[in-house]
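The values are calculated or read from the model by the stated rules, or taken from the named source; none is laboratory data. Everything numeric in this text was worked out from a predicted model, so none of it was measured. Cβ atoms come from the backbone with ideal geometry, glycine included; neighbour counts cover every protein chain shown.
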Amino acid sequence: MQGDERLGQAMEVFWERGYYDTSIDELMERTGFHRAEVYGRFGSKQRLFEAALRQYRENVIRAFVEPLARPDASLADVERFFHGICDRATAPKRRRGCLMVNTASEVSPHIPSVAAIVTSFLEELRGLLRRACVNARKRGELRPDVDVDRVADYLVGAVLGLWGLARSPAPETMLRHYVDGVLASASGPRRRGSRPRRR
């Protein structure tokens, strides 16, 4: 198994069990890494986790934010983004939330270098959502007086809330209703008669 594949396996273990509940011995067993290799290549379990977290951002988060990635993304793309998270979060055997969001509450308060990775992710997410809101305002999907910074901050918080709810035993209908409420709140102040463009 190649190094990147084993790093992906480590990412899966951390995602499933969390940083603090994952032991070096379990990582060895599940990934094929040898203890000396982990410490020689990464230096510590923490550095291995940080490498896995970066890979998660590159491979998994990239897919999540795809609807927002285009420069012309707008309100319909925000809706696609949230519905996409909900679809992934409620898929069989996937009620483990988002590794980045889990890490935001479980690990980043205690490890500054991990907090820096999470902060960078949140800033990127906010930027994408804000750009979509700016585009929506220009197209008349939102009123010209809408505070796009406020809406973007609200939507980032909603993403964290949705992934937190996804880890709970809450039924799928609750997650769907949560998304409906978020989108109604975010897109409420539209010009009369305006609708987001469907893609």
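Computed quantities for the displayed model
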{"read-out": "Total residues in segment 10-40, condition surrounded by fewer than 17 Cβ atoms within 10 Å (Cβ to Cβ), in a helix (DSSP H, G or I) and of a type outside the set (Lys, Arg)", "value": "11"}
{"read-out": "Search result, residues across segment 123-145 that are hydrophobic (A, V, I, L, M, F, W, C) and within 22 Å of Ile61 (Cβ to Cβ)", "value": "Leu125, Leu128, Leu129, Ala132, Cys133, Val134"}
{"read-out": "Condition check for Cys98: touching a residue at least 12 places away in the same chain (Cβ under 8 Å) and under 27 Å from Arg137 (Cα atoms)", "value": "no"}
{"read-out": "Breaking point among (1) under 24 Å from Leu162 (Cα atoms); (2) free of Cβ contacts under 8 Å to residues at least 60 places away in the same chain; (3) not charged (D, E, K, R), for Ser44", "value": "(1)"}
{"read-out": "Any hit, segment 63-72, residues being in contact (Cβ under 8 Å) with a residue 40 or more places away in the chain and within 12 Å of the chain's Cα centre (by Cα)", "value": "yes"}
{"read-out": "Selection from segment 1-40 of residues that are within 20 Å of the chain's Cα centre (by Cα) and charged (D, E, K, R)", "value": "Glu12, Glu16, Arg17"}
{"read-out": "Some residue of segment 112-126 being surrounded by 16 or more Cβ atoms within 10 Å (Cβ to Cβ), at pLDDT 95 or above and more than 13 Å from the chain's Cα centre (by Cα)", "value": "yes"}
{"read-out": "Hits in segment 149-187 - residues which are more than 15 Å from the chain's Cα centre (by Cα), surrounded by 14 or more Cβ atoms within 10 Å (Cβ to Cβ) and of a type in the set (Lys, Arg)", "value": "Arg176"}
{"read-out": "Where a residue in segment 2-31 is free of Cβ contacts under 8 Å to residues at least 40 places away in the same chain and outside the structural domain of Ile111 (by TED's automatic domain parsing) and its partner, wherever it lies, is outside any helix (DSSP H, G or I) and not hydroxyl-bearing (Ser, Thr, Tyr), with Cβ under 6 Å and at least six apart", "value": "Arg6/Gly32; Arg6/Phe33"}
{"read-out": "Only listed residue being within 30 Å of Met28 (Cα to Cα), buried (at least 19 other Cβ atoms within 10 Å of the Cβ), in contact with a Phe, Trp or Tyr (Cβ under 9 Å, 6 or more places away or on another chain) and of a type outside the set (Phe, Trp, Tyr), chosen from Ala73, Ala104", "value": "Ala104"}
{"read-out": "Every residue from segment 94-135 that is outside any helix (DSSP H, G or I) and either outside the structural domain of Val148 (by TED's automatic domain parsing) or under 26 Å from Glu172 (Cβ atoms) (or both)", "value": "Arg94, Arg95, Arg96, Gly97, Cys98"}
{"read-out": "Which numbered condition Gly43 misses (of (1) over 21 Å from the mean Cα position of the chain (by Cα); (2) surrounded by fewer than 20 Cβ atoms within 10 Å (Cβ to Cβ); (3) part of a helix (DSSP H, G or I))", "value": "(3)"}
